[in-house]
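Undergrad: This is the structure I want to talk about, given as structure tokens.
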Amino acid sequence: MPVDPAALTTFDVINVLDPSVLLDPSSRVPPNDTQVRRYQLQDRGLVRERFDRPITTIAERRLGSMVIAHGADRFATRIDVGPDEIASYCFTALSRGRAKLIQHGTETTNSAASGLVFRATPGTQILTSDVNARQSLWIEAAALEHALEGMLGNRLRERLAFKPGIDWTRGLAASLRGQIDFLMHEIKRQNGVADNPVALASMTDLLLSLVLRGIPHNYLEQLERGPFGAVPAYVRRAEEFMRANAAAPIRMEHVAAAAGCSVRTLNAVFRQFRDTTPLAALHQIRLEQVHAVLGHPVAGVSIAEVARGYGFTNPGRFAAAYRRRFRESPAETARRGVR
């Protein structure tokens, strides 16, 4: 099976060994226990076979408004979205095999270098090949559309719609693929991004931004028209809010609300007046606050605990970013603080 079960201990996992589960139309055994989706083997002759290893594995982990998922099939499988719509957008990358999306009369095929994106409306079909493995990022439609409205500064006139195919090798789409791979690895360990609300809020903002700016959709041209009028007061209010709430799980929409502008305006004024993004500015503010805490260390509180309190869950990445910013290690700062 293409998915290593030992890597899925933090996921909710469904393993299917009995082909009849995926062939009997009346089956109500997971994953066919709801009206949301239905899995069916394409080769009905497999009903007579018996297997001691899973023929289909589905592993999912919810992360706030997102779900990260592994899927794998030993045999070609058809996945149908049922009458109950899944109110989320799915971004799928294959690590093995092929898959075809059939939606609104259009077929889109993907492999390792290309991906699929769709809103799981009734009637949507996915056809997978023999021996396939895939990673999917599901984002709630309400969260994605709310973020887009913040970037545009206006309500959406029509439903957000993506082109069904993704080229994972270019531009921000390649960055999104890298972040999906990172998140897949990250949530397999304890005390990582998934278990830290501050880090998860920042990761969510990053993924939403990469999706909306890197994957073609019906609002992308409007989104790319560039910055418009703004005043530096937005920047000052945003920075004050971020400094006051650096240890809290804040989202960019919270920062924009505190600044008194839309997320789109917030991004524009930070680009214009700070030559950076609000998310990058928040990262630097959090580093500065960790630096300040380590300069006056508290007995019994480790460097790792301080870092986690500000959303830094990966010790290696934190140490590297800290050294770039302050030209010394966190431990060196802490040692100076106890003299």
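The values are calculated or read from the model by the stated rules, or taken from the named source; none is laboratory data. This is a predicted model, so every value here is computed, not measured. Heads up, the Cβs are rebuilt from the backbone with ideal geometry, glycines too, and the neighbour counts pull from every protein chain shown.
Undergrad: Which of the residues belonging to the stretch 253-277 are buried (at least 16 other Cβ atoms within 10 Å of the Cβ) and under 18 Å from Glu224 (Cβ atoms)?
TA: Residues satisfying the conditions are Ser262, Val263, Arg264, Thr265, Leu266, Asn267, Ala268, Val269, Phe270, Thr277.
Undergrad: Residues being touching a residue at least 12 places away in the same chain (Cβ under 8 Å), part of a helix (DSSP H, G or I), under 30 Å from Leu148 (Cα atoms) and not hydrophobic (A, V, I, L, M, F, W, C): count how many of those fall in the stretch 309-323.
TA: First pass over the stretch 309-323, keeping only residues touching a residue at least 12 places away in the same chain (Cβ under 8 Å): 309-314, 318, 321-322.
Narrowing the set further to residues that are part of a helix (DSSP H, G or I) leaves 309, 318, 321-322.
Then keep just the ones that are under 30 Å from Leu148 (Cα atoms); that gives 309, 318, 321.
Those left that are additionally not hydrophobic (A, V, I, L, M, F, W, C): 309.
Summing the residues that are touching a residue at least 12 places away in the same chain (Cβ under 8 Å), part of a helix (DSSP H, G or I), under 30 Å from Leu148 (Cα atoms) and not hydrophobic (A, V, I, L, M, F, W, C) in the stretch 309-323 gives 1.
Undergrad: Taking the stretch 275-285 on its own, how many of its residues are assigned to a helix (DSSP H, G or I) and in contact with a helix residue (DSSP H, G or I) (Cβ under 8 Å, 6 or more places away or on another chain)?
TA: 7
Undergrad: Across the stretch 158-188, what is the total count of residues that are surrounded by fewer than 16 Cβ atoms within 10 Å (Cβ to Cβ), among the aromatic types (Phe, Trp, Tyr) and in contact (Cβ under 8 Å) with a residue 60 or more places away in the chain?
TA: Of the residues in that region, 0 qualify.
Undergrad: Now, a different point. Is there a residue in the stretch 183-192 that is among the charged types (D, E, K, R), outside the structural domain of Cys90 (by TED's automatic domain parsing) and under 19 Å from Arg134 (Cβ atoms)?
TA: yes
Undergrad: Follow-up. I'd like to check which helices (runs of 4 or more DSSP H) are fully inside the stretch 136-235 and have at least 1 residues that are over 18 Å from the mean Cα position of the chain (by Cα).
TA: The qualifying helices (runs of 4 or more DSSP H) are 141-152, 220-223.
Undergrad: A follow-up question, please. Does Tyr234 meet the test of being over 21 Å from Ala281 (Cα atoms) and among the aromatic types (Phe, Trp, Tyr)? Before you say what the answer is, go through the steps one by one.
TA: Numbers: over 21 Å from Ala281 (Cα atoms): no; among the aromatic types (Phe, Trp, Tyr): yes.
Spelling it out, it is not the case that Tyr234 is over 21 Å from Ala281 (Cα atoms) and among the aromatic types (Phe, Trp, Tyr).
Undergrad: Which pairs do you get when a residue that is modelled with pLDDT under 85, found in the stretch 226-249, comes within reach of a residue that is assigned to a helix (DSSP H, G or I), reach meaning Cβ atoms under 6 angstrom, with the pair 6+ apart or on two chains?
TA: Listed by first residue and then by second, the contacts come to Pro227/Ala268; Ala230/Thr265; Ala230/Ala268; Ala230/Val269; Pro232/Phe273.
Listed here are the residues, each with its yes/no results for (1) among the β-branched types (Val, Ile, Thr); (2) buried (at least 18 other Cβ atoms within 10 Å of the Cβ); (3) closer than 30 Å to His146 by Cβ.
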position	(1), (2), (3)
Pro30	no, no, no
Glu49	no, no, no
Arg61	no, yes, yes
Gly64	no, no, yes
Val67	yes, yes, yes
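Undergrad: Additional query: Pick from Val269, Val306, Val298, Val293: which is among the aliphatic types (A, V, I, L, M), farther than 30 Å from Lys188 by Cα and either assigned to a helix (DSSP H, G or I) or in contact with a Pro (Cβ under 7 Å, 6 or more places away or on another chain) (or both)? Give the derivation first.
TA: Details: Val306 fails: farther than 30 Å from Lys188 by Cα; Val298 fails: either assigned to a helix (DSSP H, G or I) or in contact with a Pro (Cβ under 7 Å, 6 or more places away or on another chain) (or both); Val293 fails: farther than 30 Å from Lys188 by Cα.
Only one candidate qualifies: Val269.
Undergrad: Would you mind stating whether Val81 is under 27 Å from Pro197 (Cα atoms), buried (at least 16 other Cβ atoms within 10 Å of the Cβ), among the aliphatic types (A, V, I, L, M) and at pLDDT 90 or above? Even if it seems obvious, please write down each step before you answer.
TA: Values: under 27 Å from Pro197 (Cα atoms): no; buried (at least 16 other Cβ atoms within 10 Å of the Cβ): yes; among the aliphatic types (A, V, I, L, M): yes; at pLDDT 90 or above: yes.
It is false that Val81 is under 27 Å from Pro197 (Cα atoms), buried (at least 16 other Cβ atoms within 10 Å of the Cβ), among the aliphatic types (A, V, I, L, M) and at pLDDT 90 or above.
Undergrad: Looking at (1) of a type in the set (D, E, K, R); (2) crowded, with 20+ Cβ neighbours inside 10 Å; (3) over 27 Å from Met203 (Cβ atoms), which is the only condition Arg134 fails?
TA: Arg134 satisfies all of (1) of a type in the set (D, E, K, R); (2) crowded, with 20+ Cβ neighbours inside 10 Å; (3) over 27 Å from Met203 (Cβ atoms) except (3).
Undergrad: Taking strands (runs of 3 or more DSSP E) that do not extend beyond the stretch 1-110, which have at least 3 residues that are among the aliphatic types (A, V, I, L, M)?
TA: Where strands (runs of 3 or more DSSP E) fall fully within the stretch 1-110 and carry at least 3 residues being among the aliphatic types (A, V, I, L, M), they are 12-16, 56-63, 66-73, 86-96, 99-103.
Undergrad: Pick out the one residue from Ala238, Ala247 that is part of a loop (DSSP other than H, G, I, E, B) and surrounded by 14 or more Cβ atoms within 10 Å (Cβ to Cβ). Can you show your working first?
TA: On the way: Ala238 fails: part of a loop (DSSP other than H, G, I, E, B).
Going through Ala238, Ala247 in turn, just one is part of a loop (DSSP other than H, G, I, E, B) and surrounded by 14 or more Cβ atoms within 10 Å (Cβ to Cβ): Ala247.
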